[in-house]
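Report on one structure; see the data block that follows.
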Amino acid sequence: MEFDYQKYWEERYKNGGNSWAGSYWENAFFKARIINKTIRDDNIKTVFEFWCGDWNNLALYTGYDSYVGYDISETAINICKEKFKNDETRSFTNKLDSNKYDLILCLDVFFHIMDRQE
């Protein structure tokens, strides 16, 4: 039977689930240290992230001028829009664009988008 990862993530967020351990605690802080150092050291101004999830990792990123978060889950997008509604440097979408970015992030996504269960 085919595993519908888009449906899975939409339902997970809709039912109050989060982006899993990779977006929390030590894992999140480890990633943020590396990403923030890269942003600072390489003078990154624009960031695009595939699968921004529930916002927890994003809350730890600093130093850029603009961030666009993409996710397949409309619920995740709405959660992020609400969380960062007063932050004009961050926007969220479920549509891919052809803009150019200084940094494109794709963290843990390959663990979460399997097409089938084994």
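Under a straight-distance cross-link criterion of Cα-Cα below 18 Å, which lysines are reachable from Lys7, leaving out those fewer than 8 residues away in the same chain? Answer for Lys7, where 18 Å is the Cα cut-off: Lys95, listed by chain and number. In the set (1) 95; (2) 108; (3) 142, the label that goes with volume of the Cα convex hull per residue in Å³ computed for this structure is (2). Note on the chain: antiparallel DSSP beta bridges, both residues inside, total approximately 10 percent of the bridges counted. Within the range 1-106, the GluC sites (Glu not before Pro) that combine a DSSP coil assignment with at most 10 other C-beta atoms in a 10 angstrom radius are Glu88.
Laboratory data are not the source of any read-out in this text; all were calculated from the coordinates shown. Treat the numbers as computed from the prediction; the structure is a model and nothing was measured. Here Cβ is always computed from backbone atoms with ideal geometry, including for glycine, and neighbour counts include all displayed protein chains.
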